[in-house]
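Enquirer: Shown below is the structure under consideration.
The values are calculated or read from the model by the stated rules, or taken from the named source; none is laboratory data. All values derive from a computational prediction rather than experimental measurement. FYI the Cβ positions are ideal-geometry reconstructions off the backbone, even for glycines, and counts take in every protein chain you see.
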Amino acid sequence: DTAVSQTPKYLVTQMGNDKSIKCEQNLGHDTMYWYKQDSKKFLKIMFSYNNKELIINETVPNRFSPKSPDKAHLNLHINSLELGDSAVYFCASSLHPAPNGNTIYFGEGSWLTVV
Amino acid sequence: KQEVTQIPAALSVPEGENLVLNCSFTDSAIYNLQWFRQDPGKGLTSLLLIQSSQREQTSGRLNASLDKSSGRSTLYIAASQPGDSATYLCALSSNTGKLIFGQGTTLQVKP
């Protein structure tokens with residue numbers, strides 16, 4: 001059973017398009033996250049939701065809009081895609097919001113390429 | 001601003017060697033520190049979590065230490081195996097709720 005699953009795994013799209021990445025966790029966790037890993041492999045947090053409420057909103061262009069219909073799902077919608085949005089996007093979850101003593105579980109990533 | 005540095009960026013060792021991966025950070029006000037493993041094309045797998053009040057954690061052949069006063073953590077891998085080849089990332093959790101990652105050390109264990 002996959003704990004944190006995200007779709008699609010690979011996405012190639014043209015500049016200017018709008019796309020969504022979906023994420024679901026079956027761990028019963030309250031908190032979910034979106035991280036971005038750039039070409040230099042740095043992982044940076046984008047958003048965090050706790051029980052469907054936004055608790056962390058890092059400095060991210062407002063073209064990125066997360067949506068959490070329930071605490072098991074956190075989707076990422078990106079409008080007007082730009083070349084610089086090309087990266088790997090990781091969804092993650094933890095039992096409670098950080099800081100805490102809980103392990104964070106990551107999905108396998110969604111490789112986004114904007115051409 | 002917290003900065004996390006991992007040295008070396010890449011490491012190649014023969015099978016069977018014991019090795020140490022390093023992680024340093026600039027602000028000792030951390031909540032906990034985690035070591036992750038990332039395989040190519042895969043997500044991150046948590047290996048060890050050390051709370052700020054702890055000095056080390058062990059799991060199998062892995063031992064992670066934490067020295068907040070010197071801003072350092074190490075991940076010790078005993079008797080390395082080719083299956084240990086991966087990128088190892090350390091990440092700090094501060095009271096802001098954000099996990100701050102290092103750039104990772106890519107390890108290759110040669111048979």
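Enquirer: Which one is farthest from A:Ile104 (Cα to Cα) among residues in segment B:42-70 that are within 14 Å of chain A (Cβ to nearest Cβ) and of a type in the set (A, V, I, L, M, F, W, C)? Break it down stepwise before answering.
Expert: Residues of segment B:42-70 that are within 14 Å of chain A (Cβ to nearest Cβ), as a first pass: B:42-54, B:57, B:59, B:64, B:66.
This time we only want the ones that are of a type in the set (A, V, I, L, M, F, W, C), so: B:44, B:47-50, B:64, B:66.
Values: B:Leu44: 9, B:Leu47: 10, B:Leu48: 11, B:Leu49: 10, B:Ile50: 13, B:Ala64: 17, B:Leu66: 19 Å.
Per the criteria, the residue is B:Leu66.
Enquirer: If a residue must be buried (at least 16 other Cβ atoms within 10 Å of the Cβ) and either in contact with a Leu (Cβ under 7 Å, 6 or more places away or on another chain) or under 23 Å from B:Thr105 (Cβ atoms) (or both), how many such residues does segment A:1-29 contain?
Expert: 6
Enquirer: Being surrounded by fewer than 17 Cβ atoms within 10 Å (Cβ to Cβ) and more than 24 Å from B:Glu17 (Cβ to Cβ) is the filter; apply it to segment B:47-67 and report the residue that is farthest from the chain's Cα centre (by Cα). Break it down stepwise before answering.
Expert: Applying the first criterion (surrounded by fewer than 17 Cβ atoms within 10 Å (Cβ to Cβ)) to segment B:47-67 yields B:51, B:53-56, B:58-61, B:63, B:67.
Imposing the further condition that a residue be more than 24 Å from B:Glu17 (Cβ to Cβ) reduces the set to B:51, B:53-55.
Numbers: B:Gln51: 14, B:Ser53: 17, B:Gln54: 15, B:Arg55: 14 Å.
Here the residue is B:Ser53.
Enquirer: How many of the residues in segment B:24-36 are assigned to a strand (DSSP E or B) and more than 14 Å from chain A (Cβ to nearest Cβ)? Full working, then the answer.
Expert: Filtering segment B:24-36 for residues assigned to a strand (DSSP E or B) gives B:24-25, B:32-36.
So of that shortlist, the ones also more than 14 Å from chain A (Cβ to nearest Cβ) come out as B:24-25.
Summing the residues that are assigned to a strand (DSSP E or B) and more than 14 Å from chain A (Cβ to nearest Cβ) in segment B:24-36 gives 2.
Enquirer: If only one of B:Asp84, B:Asp39 is among the charged types (D, E, K, R), touching a residue at least 24 places away in the same chain (Cβ under 8 Å) and within 14 Å of chain A (Cβ to nearest Cβ), which one is it?
Expert: Numbers: B:Asp84 fails: within 14 Å of chain A (Cβ to nearest Cβ).
Sole residue among the options that is among the charged types (D, E, K, R), touching a residue at least 24 places away in the same chain (Cβ under 8 Å) and within 14 Å of chain A (Cβ to nearest Cβ): B:Asp39.
Enquirer: From (1) in a loop (DSSP other than H, G, I, E, B); (2) touching a strand residue (DSSP E or B) at 6+ places or on another chain (Cβ under 9 Å); (3) surrounded by fewer than 19 Cβ atoms within 10 Å (Cβ to Cβ); (4) modelled with pLDDT under 95, pick out the condition that doesn't hold for A:Gly84.
Expert: Every listed condition holds for A:Gly84 apart from (1).
Enquirer: If you go through segment B:83-93 one residue at a time, do you hit one that is at pLDDT 95 or above, over 24 Å from A:Ala3 (Cα atoms) and assigned to a strand (DSSP E or B)?
Expert: Taking segment B:83-93 as the starting set, the residues that turn out to be at pLDDT 95 or above are B:83-90.
Keeping just the survivors that are over 24 Å from A:Ala3 (Cα atoms) gives none.
Taking every residue of segment B:83-93 in turn, none turns out to be at pLDDT 95 or above, over 24 Å from A:Ala3 (Cα atoms) and assigned to a strand (DSSP E or B).
Enquirer: Filter segment A:22-81 for residues that are under 14 Å from the mean Cα position of the chain (by Cα) and aromatic (Phe, Trp, Tyr) and give the result.
Expert: Answer for segment A:22-81, where residues must be under 14 Å from the mean Cα position of the chain (by Cα) and aromatic (Phe, Trp, Tyr): A:Tyr33, A:Trp34, A:Tyr35, A:Phe47, A:Tyr49, A:Phe64.
Enquirer: Another question, if that's okay. Is it the case, given these coordinates, that A:Tyr49 is more than 7 Å from every other protein chain (Cβ to nearest Cβ), touching a Lys or Arg at 6+ places or on another chain (Cβ under 7 Å), in a strand (DSSP E or B) and surrounded by 19 or more Cβ atoms within 10 Å (Cβ to Cβ)? Spell out the reasoning first.
Expert: Working: more than 7 Å from every other protein chain (Cβ to nearest Cβ): yes; touching a Lys or Arg at 6+ places or on another chain (Cβ under 7 Å): no; in a strand (DSSP E or B): yes; surrounded by 19 or more Cβ atoms within 10 Å (Cβ to Cβ): yes.
When the stated conditions are applied, A:Tyr49 does not pass them.
Enquirer: Within segment B:75-85, identify whether any single residue is loosely packed, with under 13 Cβ neighbours inside 10 Å, hydroxyl-bearing (Ser, Thr, Tyr) and out of contact with any Pro (no Cβ under 9 Å at 6 or more places or on another chain), and answer yes or no.
Expert: No, that holds for no residue.
Enquirer: Okay, moving on. So A:Asp70 ticks every box in (1) more than 10 Å from chain B (Cβ to nearest Cβ); (2) within 26 Å of B:Ser94 (Cβ to Cβ) but one. Which box is left unticked?
Expert: The number of the failed condition is (2).
Enquirer: Here is a follow-up. What do you reckon, is A:Leu112 touching a helix residue (DSSP H, G or I) at 6+ places or on another chain (Cβ under 7 Å), more than 13 Å from chain B (Cβ to nearest Cβ) and either closer than 17 Å to B:Ala91 by Cβ or assigned to a strand (DSSP E or B) (or both)? Give the steps one after another, and end with the answer.
Expert: Numbers: touching a helix residue (DSSP H, G or I) at 6+ places or on another chain (Cβ under 7 Å): yes; more than 13 Å from chain B (Cβ to nearest Cβ): yes; either closer than 17 Å to B:Ala91 by Cβ or assigned to a strand (DSSP E or B) (or both): yes.
In short, yes.
Enquirer: Just checking, does segment B:14-25 include any residue being touching a Gly at 6+ places or on another chain (Cβ under 9 Å) and exposed (fewer than 14 other Cβ atoms within 10 Å of the Cβ)? Don't jump to the end; show me each part of the working.
Expert: If we filter segment B:14-25 for residues that are touching a Gly at 6+ places or on another chain (Cβ under 9 Å), which is where we start, we get B:23-25.
The next check asks that each one be exposed (fewer than 14 other Cβ atoms within 10 Å of the Cβ); those that pass are none.
No.
Enquirer: Still on this structure, I have one more. Do we have B:Gln6 as surrounded by 20 or more Cβ atoms within 10 Å (Cβ to Cβ), under 26 Å from B:Lys110 (Cβ atoms) and more than 10 Å from chain A (Cβ to nearest Cβ) here? Steps first, answer last, please.
Expert: Working: surrounded by 20 or more Cβ atoms within 10 Å (Cβ to Cβ): yes; under 26 Å from B:Lys110 (Cβ atoms): yes; more than 10 Å from chain A (Cβ to nearest Cβ): yes.
So B:Gln6 passes the test.
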